[in-house]
Amino acid sequence: MPSAIPSPPDGRRPSIGTRPEAAALLGWLTDPEAPRLCVVTGPAGSGKTALLGWLAAHETRARRGRARTDRMLVPLAGQSALGVAWTLANRLGVVARTPADLVHTLATSEARRTGRTVLLLTDLHAAAEPEAVADLLAGLAEVGRIRLVVEARTGTRPPRAARTTVVDLDLDLDLEGDAGAAPAPPAPRLPDLSDPAAVCAADPLLVTTGYATASTDDHGGLRDAWLRAGQAVCAADGPAGRALVLLTALGDGADPRLRPALAERAAAAPWRVRWARHRGDVTPPWPGPVAVLGATAGGPSADLVLVGDRTGTVRLLREADASGAGRLAHRAGGRITALAPTADGTVLLLDERGRLHTVRGTAPRPPYLERLTEAVSTTLSRHPGTALAAIAGSVVVGDRLGSVHAFGVNGLHQAASHSGRVTAVTAVESETPFVCSGGADGTVRLWTPGRPPVPEPLAERRAPVVALHAAPTPGGPLVAAAWADGGVELIPAEGGRRRVFRPGPAVRAVAVTATGALLVGTDESLVCLDPYGK
């Protein structure tokens, strides 16, 4: 610990930035070999909160060749461990259902963050579940790209990590802030957890604490919906946004009064819920975990949706109400990572090894399409694909090096569209056919085969693209894109209003239907939304 700095000769108290504890924090922050966890401790009134606030605002120069740290100040007062996990997941651009899930996701995700993230976490002693929160923070301290500064009042159990730096503040320092002379504010009163209006209007982190720690009642299904989609509810924009997310997360066994009440409060949101199916639903039954989605391209089955699960089974559902319409008969063993229905009724499948499989429809295929498919299949047996799409006369494949390949009856066109793996491709048959691709670099890009790719991305986020689908609709081509941070965007390819939706759980697949509806699939839900408003 640095030695104390003498007071100025005029008797004025030195600023926080000149105190030895501030110097100790800056030394820890800039030392690449320091422990990932720093605990700032001391009694009430010793200035712990003020010190963390100062560090959040203090600018440090990034060393040459080293990215600047990203500092995030997160209050812990009143929060449950689940609420903290959702708060941090939203701030860090990942999706997590539980505290343990957050640690695992951050340790394994491909989130596009440069440098290290420093979390500045205040008031551990005032958390609703201080010990559970401390355990979560201890797990995060083991994640390589995360550093934590945790404020814990003397007597509070801090996070336990293999290596920890401790900055201990004495009471007589009296750094401008912390508890000071002002009495602690009264604990906020919990809203009625069975009242959808109160729940949507209240602080979502307070509601999360109530459902996680103070209630075992299901509240007519409202609690289950909140716990299913809570990360998205906490991030939603206002009561209307929270009502929309809760409406999409209600199971079919929920109190029938909840649905109209939530729909009324979601009226200002840019979506209308056509239907939603969740794990445990029976009328109609939940189709199972969603791994891939597709919409039939035309003909008598144009209103069907293809839903593939992790085992490789592909079910057919009716777009209008998600009722079952059979299964796809195919012999592809193992997991399906992409599917591409074609206009002639054939469905192309890409398996987890990057190989192509063909499921023929009832109509005979033109010989040139058979030859094209066989040629692509042969190519992928030698050079596995990572993404797949198809339109009339073309099969589009992405690869792990960032390139997109359009195999057509008139030859092969290629574009180096992404930095890193291509994670999804889609193609639209329109007046000017185009290909849309998404990558691990977080970008969504447009390309017309035979021309250079459009230089500016259609969309971009600081997380890998996980799913992509586009289709012509009565209002023009629409592109649906989903990212690993849980966000989904519906984008008019020719310009216009973009709409954003987050279901809560991690998104596995998206699709746009011929009517312009958006389908969003997760491990436990399938939701159909209609865009609303201009």
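Here's how it looks for Glu352: its modeled amide H is under 5 Å from those of Arg335, Thr337, which are all 5 or more places away or on a different chain. For the chain, the solvent-accessible area with a 1.4 angstrom probe is 43 square angstrom per residue. Put simply, the amide H of Gly45, placed in the peptide plane, has neighbours under 5 Å in Ala179, Gly180, leaving out anything fewer than 5 places away on its chain. One Cα centroid belongs to the range 242-284, the other to the range 335-363; the line between them spans 33 Å. Based on the Kirkwood approach, the hydrodynamic radius assigned to the range 185-333 is 17.0 Å, with every pair of different Cα atoms included. Each peptide in 434-441, 405-412, 36-43 was scored by the mean count of other Cβ atoms within 10 Å over its residues; highest first, the order is 434-441, 36-43, 405-412.
Taking amide H atoms as placed 1.01 Å from N in the peptide plane, the amide H of Arg274 lies under 5 Å from those of Cys528, Leu529, Asp530, each 5 or more residues away in sequence or on another chain.
Can you work out the FRET efficiency for the pair Ala267 and Thr515, with r the C-beta to C-beta distance and R0 = 22 Å, to the nearest 0.05? Working from the Cβ atoms, E equals 0.55. For the range 350-430, the set of trypsin sites (Lys or Arg not before Pro) satisfying both a DSSP loop assignment and a count of at most 16 other C-beta atoms within 10 Å is given as Arg353, Arg355, Arg360, Arg400. Counting protein heavy atoms only, the chain has 52 percent of its accessible area on carbon and sulfur, 1.4 angstrom probe. Placing dummy labels 7 Å off each Cα toward the beta-carbon, the span from Ala375 to Arg462 is 4.4 nm.
What's the local net charge at Pro130, with K and R +1, D and E -1, over the other residues with C-beta under 14 Å away?
-2
What's the FRET efficiency of Glu431 with Thr154 using the Cβ-Cβ distance as r and R₀ = 60 Å, to the nearest 0.05?
Computed FRET efficiency for Glu431 and Thr154 comes out at 0.30.
Here the ratio of the Cα radius of gyration of the chain to 2.2 N^0.38 Å is 1.10. A Förster radius of 41 Å combined with the Cβ-Cβ distance from Arg360 to Ala107 puts the calculated FRET efficiency at roughly 0.40. Relative contact order, whole percent, for the chain stands at 11, derived from Cα pairs under 8 Å and 6 or more residues apart.
The values are calculated or read from the model by the stated rules, or taken from the named source; none is laboratory data. Computed from a predicted structure; not experimentally measured. Glycine gets a Cβ as well: all are built from the backbone with ideal geometry, and neighbour counts include every protein chain shown. All accessible areas refer to the heavy atoms of the entire protein, side chains included, with ligands and DNA or RNA removed. Shrake-Rupley method; radii C 1.70, N 1.55, O 1.52, S 1.80 Å.
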